[in-house]
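This report concerns only the one structure given below.
The values are calculated or read from the model by the stated rules, or taken from the named source; none is laboratory data. Bear in mind that the values here come from a model prediction, so they are computed numbers and not experimental data. Counting neighbours? That spans all protein chains shown, and the Cβs are built from the backbone with ideal geometry, glycine included.
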Amino acid sequence: MQKVLLRLCSNHFPIMLDCGGIVSRRSHFKFENMWLKVEGFGEKVRCWWNSYNFSGTPSFVWARKLKSLELYLMRWNKEEFGLLDIKRKRIKEELQTLEEKEVQGLFSEEDRTRKLWVVFDLENLALMEEISWRQKWRVLWLKEGDRCTKIFHQMTNSHRRYNVIEFLRDGDRLIKDQEDVKAHIVHYYEQLFSENFSWRPKLDSLFLTQ
């Protein structure tokens, strides 16, 4: 945002450029498409879902199960993938060690088998990372398998910079404080979706598979 300042000792008006700041926010839950590439993922989700036991109306049980599944998926994602950069670095270091042994003539049959698995893990990790970045940037035109991770990083970082509400204008009032911006948005939608009556339909009679 540009702001014209007072002209004091110059014939020109100084202009101040306020670029704002990137406000860190807690990321919301998002289903990752790369999870579908993990063998046995569907069965794992089915077992988690069937293991939850909650009491109440079907709609309440369904909502609680969804929330519990969200927590399980987030924890599983952290354990399964962790930090992809660190995991990729570790795999590459192991591959480099195996290739050095191969050049030195110290390559055993066990090392040969291990190298095949390491290469497979590295390619699979690259595919997972590509799928994740495709989803973050919603790139549907790129064929799956193209290695454009650097492009995805640049596009996503650029998108993140623009995916921020730095200020709001309410009539003649400019709201810049982030807490005030949040409060104003919450108040707006509370008024927009507020009910004029207390009655609402119940879902108790609906049959929901638990």
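Annotations for the structure displayed:
- Subset of region 1-36 [farther than 30 Å from residue 165 by Cβ, surrounded by 10 or more Cβ atoms within 10 Å (Cβ to Cβ) and modelled with pLDDT under 80]: 7
- When 43, 100 are screened for being acidic (Asp, Glu), modelled with pLDDT of 85 or more, in a helix (DSSP H, G or I) and over 29 Å from residue 131 (Cα atoms), only 100 passes.
- Hey, residue 140 on the phi < 0 side of the Ramachandran plot, of a type in the set (A, V, I, L, M) and at pLDDT 70 or above or not: no
- Odd one out for residue 115 among (1) within 27 Å of the chain's Cα centre (by Cα); (2) in a helix (DSSP H, G or I): (1)
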